[in-house]
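Below: one structure, written as structure tokens.
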Amino acid sequence: MTAPRPELDVAIIGGGPAGATLGALLAMDGRRVAVLERDIHPRDHVGESLTPSNNAIFSRIGFLPKMEQAGFVHKEGVGWTAPRSPVWKFLAIRTSDFPAPGAVQTYSYNVERDEFDLLLLRHAHELGAKVVQGATVKRVLFEGERAIGVRVELSGGWEEDVSARVVVDASGRRCFLANQLGIRRKDPDFNQFSIFSWFRGVKPHPPGYEGFVFFHFLGLERAWGWHIPIKNGVCSMGVVTDKADFGKSGKTHDQFFESLVQRNRTFRAVMEDAVRIKPWWIEGDYSYQMDTIVGDGWLMIGDAFRFVDPIFSSGIDVATYSASYAFDAIVKSWSEGEEAAAFAEYERTVNDGVDIWYETTDQFYRLQQLFSRFSLDRRYKEDIARALQGNPYNPQNRDRARRVLKDMRDAYRDVMADPHNLLRPGALDVPAEARA
């Protein structure tokens, strides 16, 4: 007797950028796909800054024109300021100076995530994906070791079992399937805490740097501030520090945020007349990974499989590229009948890429001033600029990043071996020649 055909080819848990991108790709390929989203969009979310690498995925699914039509701020590059440097004395890297080969365009975007996420989810729907909002997945269903579907609670309150050939967890930092299986591991080295909001009245960037994202060093280990201009004169401003710092401070959220702003001259200057227009958003327990991200009939994408500190705007890069590679793996598993091999290849590819994001972040935190020095060095500036554009899953990009990271690790070891070296932690001023 033949088993009944599953209702879906793919059931996707979550309609954020990862789930919506995968839904779009599958729908374009004529597959029966449902995106099951717990929330009703639009909904607030952090992560407004995108990398240029995302443009390739947006172009692949026909979404790039909608990004332009939405009027999002063009992000032309990134910059850093040091705590004790004069106001707007900074290091900056302009993307157009080092365009990636075959880049669709050299700039990316700073987006309002509520608008962006809804736009991308709607695009998946328009391509043919079934999108169900207000649908809470209660459990991934298994038959033995194999995922065979999901149990979902719909907005009316009733539950329904939906069968699928493949289940994909795109639930973001809820890590739905990893928690169900007990395979989520917190990163022992990164226990970050962030507080952030939107503000009006933030002083603008210097001319020529209007869309740049700026990171403000705070003179503390594992701490930084962000400054992201978005539409209509609004800026996303936030700080990240070790979670223990907030607990020990005894301060309110307002007081803690203000105390960190005061640690950087540029940060302090631009915030002098700023007015907060949204509630505080608080995020903790930043970094984690899973024991495995694939199994029989299931895989994970985006933040659902791994999350690293977002200083280099890696979040949407991980979301869209993992979705793209997951699509390739799923289709290959069906065409060749070798699911285990296709899924294992997917796991290696995306883990290797996210490892690059993780190692780059780790090097930045270990010695911020050394990272800045490398960014000024003609031997490394292009490598760093290209790394910050995203897509470390590509073998050439990955190898390039590994070379510069190795040299950074060697330099870090030499610096830390000399107790009198001025590049040790604490010497955070950007050199006078750093302004681009």
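Computed from the coordinates by the stated procedures, all read-outs in this text should not be read as laboratory data. Predicted, not measured: the structure shown is a model, and the values here were computed from it. Cβ: placed from backbone, ideal geometry, glycine included. Neighbour counts: every protein chain shown.
Does anyone have the angle between helix 17-28 and the longest principal axis of the chain? Alpha-carbon axes, 0 to 90°, nearest 10?
Its long axis makes an angle of about 40 degrees.
Quote to one decimal, in nm, the extra length available between His74 and Glu153 on full extension: 0.36 nm per residue of separation minus the C-alpha distance between them.
Between His74 and Glu153, full extension yields an extra 24.5 nm.
If each residue's Cβ is checked for other Cβ atoms within 10 Å, how do Met416, Met408 rank with the fewest at the top?
Ordered from fewest to most neighbouring Cβ atoms within 10 Å, Met416, Met408 come out as Met416, Met408.
Would the range 1-118 count as rounded, prolate or oblate if I go by the C-alpha gyration tensor, calling it rounded below 1.5 in a/c and otherwise prolate when a/b exceeds b/c, oblate otherwise?
prolate
Compare the peptides 8-15, 345-352, 97-104 by average per-residue count of other Cβ atoms within 10 angstrom and give them in order, highest first.
Per-residue mean Cβ counts within 10 Å order the peptides as 8-15, 345-352, 97-104.
Any chance you could run the full-extension gain for Gln180 through Lys231? It's 0.36 nm times the residue separation minus the Cα-Cα distance, nm to one decimal. It would help to have the intermediate numbers written out before the result.
Details: separation 51, 0.36 × 51 = 18.36 nm, distance 3.90 nm.
So the chain would gain 14.5 nm between Gln180 and Lys231.
Please label the shape of the range 127-172 as rounded, prolate or oblate, based on the square roots a ≥ b ≥ c of the eigenvalues of the alpha-carbon gyration tensor (a/c under 1.5 means rounded; beyond that, a/b larger than b/c means prolate, else oblate).
Oblate.
So if we plug the beta-carbon distance of Arg200 and Ala341 into 1/(1 + (r/R0)^6) with R0 = 56 Å, what FRET efficiency do we get, rounded to 0.05?
Approximately 0.60, to the nearest 0.05.
Take every DSSP beta bridge with both residues inside the chain and express the antiparallel ones as a percent of the total, to the nearest 5.
Of those bridges, close to 75 percent are antiparallel.
Fewest Cβ neighbours within 10 Å first, please rank His216, His45 accordingly. Could you put the intermediate results ahead of the total?
Numbers: His216 27, His45 19.
Going from sparsest to densest Cβ surroundings: His45, His216.
If I compute Cα Rg over 2.2 N^0.38 Å from the structure I just sent, which labelled value in (1) 0.99; (2) 1.12; (3) 0.94 lines up?
(1)
When ranked by the protection proxy of mean other Cβ atoms within 10 Å per residue, highest first, what sequence do the peptides 384-390, 19-25 form?
Per-residue Cβ counts within 10 Å, averaged per peptide and sorted highest first, yield 19-25, 384-390.
Whole-Hz Karplus ³J(HN,Hα) for the range 103-114, in order, using 6.51 cos²θ - 1.76 cosθ + 1.60 and θ = phi - 60°, x for Gly and Pro?
4, 5, 7, 8, 9, 10, 9, 9, 10, 7, 5, 4
Sort the range 136-267 into rounded, prolate or oblate with this rule: let a ≥ b ≥ c be the square roots of the eigenvalues of the Cα gyration tensor; rounded if a/c is under 1.5, and if a/c is not under 1.5, prolate when a/b is larger than b/c, oblate otherwise.
Prolate, since a/c reaches 1.5 and a/b exceeds b/c.
Based on DSSP H runs of at least 4 residues, each adding -39500 (n - 2.57), what is the mean residue ellipticity at 222 nm of the chain after dividing by all its residues, to the nearest 500 deg cm²/dmol?
Computed ellipticity for the chain at 222 nm equals -11000 deg cm²/dmol.
I'd like the FRET efficiency for Arg402 and Arg139, computed as 1/(1 + (r/R0)^6) with the beta carbon distance as r and R0 of 56 Å, rounded to 0.05.
Values: r = 40 Å, r/R0 = 0.71.
About 0.90, to the nearest 0.05.
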